[in-house]
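Any read-out appearing in this document is the output of simple, stated calculations on the displayed coordinates, not a laboratory observation. Please read all numbers here as calculations on a predicted model, not as lab measurements. Cβ sites come from the backbone with ideal geometry, for glycine too, and all protein chains shown count toward neighbours.
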Amino acid sequence: MGEYEKSLDACSMALEKKPGDFRSRANLGLALLLSGAYDDAKLEYVQAIDYAKYPDIIRRAIKDLWASLENRPGLPGAQDILDMLEGARRRLKADFGDAAGRGKKLLKMSIWWQNHQKI
């Protein structure tokens, strides 16, 4: 794995402390992809998407992957992962909409949480 070993170790350590951290999981996916471990990279990105709360966080992961592709065009598996990230971002964007929509969604989630705490 060579040059990506430090990144892999750092991301793994961060995920031990906070397994639901989207950014660390997406960075681990990117490091795995760049080191040639496509299947492992895709798994990390799938898990990262599960933890994504807002479309903007996925947009950052897309930008990071595009930046890496500028240096390594045609990276095997990268387009599949980009498509997956874009699809997840579109779904979250539809769920949350603009900032006002996010506020409404969060309010609904808060009300739901309060109602279920009584059980």
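Miscellaneous remarks
- Packing-based exposure ordering (other Cβ within 10 Å, fewest first) of 6, 42: 6, 42
- Lys, Arg +1 and Asp, Glu -1 on Cβ, resulting dipole of segment 2-117 about Cα centre, debye, nearest 20: 780 debye
- For the chain, taking the reciprocal of the average inverse distance between every pair of different Cα atoms yields a Kirkwood hydrodynamic radius of 15.4 Å.
- Simple spin-label estimate for residue 114 and residue 75 gives 4.5 nm between the two label positions (7 Å along the Cα-to-Cβ direction from each Cα).
- Across the cross-link table entries 53/93; 18/108; 53/108, which are compared at the Cα atoms, the separations over 19 Å belong to 18/108.
- Relative contact order for the chain, counting Cα pairs under 8 Å that sit 6 or more residues apart, in percent: 20 percent
- Helix 78-96 and the longest principal axis of the C-alpha atoms of the chain enclose an angle of approximately 10°.
- Degrees, to the nearest 10: 22-34 long Cα axis against longest axis of the chain: 20 degrees
- For the chain, adding -39500 (n - 2.57) for each run of n ≥ 4 DSSP H residues and dividing by the number of residues yields -26500 deg cm²/dmol at 222 nm.
- Helix 38-51 axis, angle to the chain major axis (alpha carbon atoms, nearest 10°): 20 degrees
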